[in-house]
Structures are given as C-alpha cells and as structure tokens.
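Below is one structure, written out as structure tokens, with a few remarks after it.
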Amino acid sequence: MKSAWTHACEEMYRKGMSIPEIADVIGWSRSSVRRKLLSMGVALRSRSEGISLARPRIAESQKGGTRPPRTIEHRRKLAEANRARPARGFTIKPSGYAEYTRGQNAGRRINRVVLETRLGSKLNMNEIAHHDDENKLNNDDDNIVYMTASEHARHHALKNLPNRKRGAQGRFL
C-alpha cells in the first residue's frame with residue numbers, strides 16, 4: 001500500500017513536475033524521490049524530455065528582466081577590475097605562481113618556461129626554477145635561478161633556520 005507522500009510524489013511527477021521540484025515540495029532529497037519513483041515502477045523521463053517540459057516554466061521566469069543601464073561609476077569599476085586582471089594567456093594559481101593557459105606551454109609555470117628558454121632544454125623533475133627575490137610573479141630572466149631540488153630545499157631550510165624553535169633538549173620543535 002502506498003503512503004500519501006508516495007502517491008503525491010507519483011502524481012506530481014506524472015503532471016510534469018521535475019524530481020528537484022518534487023523534492024523541494026515534499027522535503028525529501030532528490031535521490032529519495034528518484035528511488036521512490038523507480039520502486040513504484042514509474043518510467044523516468046530522459047534528460048531531453050525533462051528539459052522540453054521545463055522550457056515553458058524557465059522562459060516564464062525569465063521574462064521582463066531588463067538590466068538597468070550601467071552608471072559611469074559602475075563602468076569605471078569594471079574597467080579598473082579588468083586592468084587588475086592578468087593579461088590573457090596566463091593565470092595566477094592559488095599557489096601564487098603564474099601559469100600559461102594557452103599555447104604549447106599551457107598548464108606550465110612561466111618561471112620554468114623562462115629558465116628552459118635560457119638553458120635551451122627542458123628541466124627535469126628534480127630541477128627547480130627559483131625566484132631569486134622570492135616574488136613568485138617576478139618572472140624576469142635575471143630573477144630566475146637554476147637549482148636542483150636538494151639545493152632549493154637547503155636554500156629555504158637555511159633561510160628559515162633562525163625562525164625555528166628549539167625545545168628544552170635542544171631539538172627542533
């Protein structure tokens with residue numbers, strides 16, 4: 001025997017409501033609604049059928065929405081934001097390094113490409129393109145220094161040595 005919610009769920013689906021809409025009305029998760037419909041033997045709609053059913057509702061909700069004209073202040077702020085954005089073809093990653101987004105070097109850090117161009121060959125995995133001034137965005141040729149991974153680790157370890165704390169036994173914490 002079907003519960004009232006299960007029956008209501010089936011009726012809403014047959015009347016053209018989508019699974020997300022039914023889930024919002026009933027308060028169930030989408031997966032629970034879908035599972036109930038399948039367990040009742042309801043043939044679920046294909047994605048294209050669902051989109052064609054939803055199209056009139058979507059079009060109705062988007063009618064009459066005109067964008068207000070942009071003010072001079074709004075235009076100035078947009079232009080300022082565009083100037084602050086890096087030039088096309090590269091992006092700044094969360095790590096702080098600049099990386100190419102287009103061309104043959106897409107997905108590669110700019111500092112490595114600069115050093116490889118100077119050396120005339122690709123860097124191996126244990127070779128590092130180090131920023132001499134510690135500014136990850138300064139990719140000038142004279143600022144990029146070639147180091148092996150062990151040299152690079154030693155460089156940063158010695159640089160951080162004065163900041164490390166020692167315990168009562170003299171060991172680093």
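Any read-out appearing in this document is the output of simple, stated calculations on the displayed coordinates, not a laboratory observation. Please read these numbers as outputs of a predicted model, since none were measured by experiment. Cβ placement follows ideal geometry from the backbone for every residue including glycine, while neighbour counts extend to all protein chains displayed.
Here are some notes:
- Ordering 4, 16, 172 by the projection of their Cα atoms onto the charge dipole of the chain, which places +1 on the Cβ of Lys and Arg and -1 on the Cβ of Asp and Glu, puts 4 at the extreme positive end.
- Rounded, prolate or oblate (a/c below 1.5 giving rounded, otherwise prolate when a/b exceeds b/c) for region 1-45 by Cα gyration tensor: rounded
- For region 120-132, putting each phi into the Karplus relation 6.51 cos²θ - 1.76 cosθ + 1.60 with θ = phi - 60° gives couplings of x, 8, 6, 7, 7, 5, 8, 10, 10, 9, 8, 7, 5 Hz, in residue order, rounded to whole numbers and with x for Gly and Pro.
- Peptides 109-116, 70-77 ranked from most to least packed by the mean count of surrounding Cβ atoms within 10 Å: 109-116, 70-77.
- Using the Cα coordinates of region 87-163, the gyration tensor eigenvalues translate into equivalent-ellipsoid semi-axes of 23, 15, 11 Å, sorted from longest to shortest.
- Between 0 and 90 degrees, the angle of helix 47-61 with respect to the longest Cα principal axis of the chain falls at about 90 degrees.
- Per-residue HN-Hα couplings for region 25-34 [Karplus 6.51, -1.76, 1.60; θ = phi - 60°; Hz; x = Gly/Pro]: 5, 7, x, 9, 6, 4, 5, 5, 4, 4
- Taking N as the residue count of the chain, its C-alpha radius of gyration divided by 2.2 N^0.38 Å amounts to 1.90.
- Annotation: amide H-H contacts under 5 Å for residue 147 (H modelled 1.01 Å from N, sequence separation of 5 or more, or interchain): 128, 130.
- 3J(HN,Hα) from dihedral phi, region 164-173, Karplus parametrisation 6.51/-1.76/1.60, rounded to Hz, x for glycine, proline: 6, 9, 10, x, 4, 7, x, 7, 5, 7
- Residue-averaged [θ]222 nm for the chain, counting only DSSP H segments that reach four residues, each worth -39500 (n - 2.57): -14000 deg cm²/dmol
- Under-5 Å amide H pairs with residue 108, H placed in peptide plane, nonlocal only: 100
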